[in-house]
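Chemist: Please find one structure pasted underneath; my questions will follow.
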Amino acid sequence: MKILEIKNLNVRLGGTKVLEDINFEVEKGEVLAIIGPNGAGKTVLLKTLLGILPYKGEIKWQPNIKIGYVPQRMDIETDIPLTVAEFLKLRGKIVSDENIKEKLKNVGLNENILKSGLGKISIGQRQRILVAFSTLNDPDVLLFDEPTADIDIAGQESIYKMLHQLQKSFDFTVILVSHDLNVVYRYADKVLCLNKKNICLGTPKEIFNTEQLLNLYGGEKGFYAHKHQ
Amino acid sequence: MSILIQSIIVSIFVAAAASLLGSFAILKRMALVGDALSHVALPGIALALIFNFNPFLGAVIFLIAAVTGIWFLEYKSDLSVETLVGVFFAASLALGAVITPEHELLETLLGNIASLTRQESLISILISIALIVFILKIRKKLALNMISEELAQSIGIKNRRLELAYLMIFALIVALGIRFVGALLMGSLVIIPAASAKNLAKSLNSFLSLSVIFGIIAAASGVYIAYIYNFSPGPIFILISAIFFIISLIIRKFNQI
């Protein structure tokens, strides 16, 4: 069952074309990974899907779909006067203590963390809290924007393991932005390569032949194109 | 009711509303907006004095025009909003200072809560209460908006509308507070109690409560001391708040060791 359909999606920010003629579909229960070099428009694509940015073209979500969003980062100070419990409760009425306990368990965190300050916990823990926050309403789709440099590789790996577990147990659809091709290869059902336009779309096995990747990241030609006379 | 008691009661309510708002201004790192806004109120007050209508009304009209302008510019202009605000608002202060009748200038700049009539006091209290209730009602949305706009948007919060509401609250509180501490010190009425509270608070609830408590204590004691020693109450309020801030800073350093 189709859960999302994108046709001729174009996004301009401040006069610059950031996304051009994007087309893809997402099926229910699928894990779609969006990959591409820095500045390719991956985060912009996620934000456009959420309805945060203006666009031209068609974004068709299945009616009444519930979307959860895990942003790349939160720009907060370490001494922000806000506990983890209070942060989760900012979500409003749907948050019961039961619900919070359940979601914390899902993301593999102990209840002790509820009393900690949101700015005091590690970035990896904060990422998990964000996942807990965005799953409080039991969404049908989770949009996950990978944190770039903030988390060490081991931390990232375990977050993907957790996402994978979550996705298996609750059968939601995942659209994730990732830089880690290894993770994409293992966890994604479908890969969208993005560099302003969508350059390729397919299963990880189809995508991960060198030519496609070279096209996406500029590859050898980009770096070494010089002629000897 | 004596002027002293009336002034103390009004100052308590205005300070409570201002320091509650201040907590969110600190969260959003918008500490200087209050200062800039208070300058805009000045020409409004001056015109009210010249044409003989209520200064509160003059201030409100100018402030609401200003925040609506900021709200539009925030999204429309390529120029940094801070730059525009800096230039435009300093010009307002200058204009206000030029056209304010000279014998009123000191009071407009430094405030004088004792000059409020019974009716003005009552209106100030009622508006303060309404603003406090409103801020508490939207506090979760505001906090989330200030931590991450995207996260707020993703759960269906209308950020643009929320920001306009926030700026309108700000405008009204500046208009109220200007009678108390004056145009020069208005920004501090909003910010200092919240800044002190942030040094001590670990949770949002304690942050908001401490900020309001600091505001109230400084207001009541400030007005009282000013009355006894015949000072202007606004500056005394700010000085007491600043002492609270220093103490909170010392406690914070102490806690970190």
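The values are calculated or read from the model by the stated rules, or taken from the named source; none is laboratory data. For clarity, every value in this text was computed on a predicted model and none was experimentally measured. Neighbour counts run over all protein chains shown; Cβ positions are idealised from the backbone, glycine included. Keep in mind that these areas ignore ligands, DNA and RNA; they rest on the heavy atoms of the full protein, side chains included. Shrake-Rupley method; radii C 1.70, N 1.55, O 1.52, S 1.80 Å.
Chemist: Mind checking which lysines have their Cα closer than 20 Å to the Cα of A:K56? Skip sequence neighbours fewer than 8 apart in that chain.
Modeler: Within reach: A:K7, A:K17, A:K42, A:K47, A:K196, A:K197, B:K76.
Chemist: Step through the residues of the stretch B:116-132 one at a time and calculate ³J(HN,Hα) from phi using the Karplus curve (6.51 cos²θ - 1.76 cosθ + 1.60, θ = phi - 60°), rounding each to whole Hz and writing x for Gly and Pro.
Modeler: With coefficients 6.51, -1.76 and 1.60, one gets 6, 6, 4, 5, 4, 4, 4, 5, 4, 5, 5, 5, 4, 4, 4, 5, 4 Hz.
Chemist: Ignoring ligands, DNA and RNA, what percent of the accessible area of chain A is carbon or sulfur (1.4 Å)?
Modeler: Of all accessible area on chain A, carbon and sulfur atoms account for 49 percent.
Chemist: Report the charge-dipole magnitude of the protein assembly as shown in Debye, nearest 20, computed about the Cα centre from +1 at each Lys and Arg Cβ and -1 at each Asp and Glu Cβ.
Modeler: 560 debye
Chemist: ³J(HN,Hα) across the stretch A:46-56 via Karplus (A = 6.51, B = -1.76, C = 1.60, θ = phi - 60°), whole Hz, x for Gly/Pro?
Modeler: Each residue of the stretch A:46-56 in turn: 4, 5, 5, 4, 6, x, 7, 10, x, 8, 10 Hz.
Chemist: So, one more: Per residue in the stretch B:203-236, which ones lose no less than 20 Å² of accessible surface when going from chain alone to all protein chains (1.4 Å probe)?
Modeler: Flagged in the stretch B:203-236: B:S203, B:L204.
Chemist: Counting only the heavy atoms of the protein chains, how much of B:K141 is accessible to a 1.4 Å probe, in Å² to the nearest 10?
Modeler: Rounded to the nearest 10, that gives 110 Å².
Chemist: Oh, and also: Under the rule a/c < 1.5 gives rounded, and otherwise a/b versus b/c splits prolate from oblate, where does chain B land using the Cα gyration tensor?
Modeler: Here chain B falls in the oblate category.
Chemist: So, one more: Between the stretch B:1-70 and the stretch A:13-41, how many Å separate their Cα centres?
Modeler: When both Cα centres are located, 46 Å separates them.
Chemist: Taking all protein chains together and a probe of 1.4 Å, list A:S169, B:S121 from the most accessible to the least accessible.
Modeler: Largest to smallest exposure gives the sequence A:S169, B:S121.
Chemist: Can you list residues whose amide H is under 5 Å from A:L192's amide H, if they're 5+ apart or on another chain and H is modeled 1.01 Å from N?
Modeler: Answer set, sorted by chain and number: A:A33, A:I34, A:I35.
Chemist: Give the A-B buried accessible area in Å², both sides summed, 1.4 Å probe, nearest 100.
Modeler: For chain A against chain B, roughly 2100 Å² becomes buried.
Chemist: If you don't mind, another one. Just grab the label-to-label distance for A:K2 and A:E25, each label 7 Å out from Cα along the Cβ direction, in nm (one decimal).
Modeler: 0.5 nm
Chemist: With a 1.4 Å probe and all protein chains left in place, how much of the accessible area of chain B comes from carbon and sulfur atoms, in whole percent?
Modeler: Carbon-and-sulfur percentage of accessible area, whole number: 71.
Chemist: Can I ask one more? Between the chain alone and the structure with every protein chain in place, find the residues of the stretch B:113-152 that drop at least 30 Å² of accessible area; heavy atoms, 1.4 Å probe.
Modeler: Those residues are B:K140, B:L144, B:I147, B:E150, B:L151.
Chemist: Can you tell me the FRET efficiency between A:E211 and B:I247 if r is taken as the Cβ-Cβ distance and R0 is 60 Å, rounded to the nearest 0.05?
Modeler: 0.35
Chemist: With θ taken as phi - 60° and the coefficients 6.51, -1.76 and 1.60, list the Karplus ³J(HN,Hα) couplings across the stretch B:43-50 in order, rounded to whole Hz; mark glycine and proline as x.
Modeler: x, x, 5, 4, 4, 4, 5, 5
Chemist: Under a 1.4 Å probe, what is the accessible area of chain B per residue, stated in Å²?
Modeler: Averaged over the residues of chain B, the accessible area is 45 Å².
Chemist: Determine the calculated [θ] at 222 nm for chain A from helices alone, applying -39500 (n - 2.57) to every DSSP H run no shorter than 4 residues and normalising by the residue count; nearest 500 deg cm²/dmol.
Modeler: It lands at -10000 deg cm²/dmol.
Chemist: Here's something else I'd like to know. Give the average, rounded to an integer, of partner chain Cβ atoms located within 10 angstrom of each Cβ in A:82-88.
Modeler: On the way: counts 10, 5, 1, 2, 7, 5, 0.
Per-residue shielding by partner chains comes out at 4.
Chemist: Pull up all non-local amide H partners of A:L136: gap of 5 or more, or a different chain, and H-to-H distance under 5 Å with H placed in the peptide plane.
Modeler: Hits under the 5 Å cutoff: none.
Chemist: Can you tell me the accessible area per residue over the stretch A:50-178, all protein chains present, probe 1.4 angstrom, in square angstrom?
Modeler: Accessible area per residue, the stretch A:50-178: 46 Å².
Chemist: For A:L142, which sequence-distant residues (separation of 5 or more, or a different chain) have an amide H within less than 5 Å of its own amide H, given hydrogens modelled in the peptide plane?
Modeler: Amide H to amide H, under 5 Å and 5 or more residues apart or across chains, A:L142 pairs with A:G68, A:T173, A:V174, A:I175.
Chemist: Follow-up question, since we're still on this one. Rounded to the nearest 5, what is the percent of antiparallel bridges among the DSSP beta bridges in the protein assembly as shown?
Modeler: 55 percent
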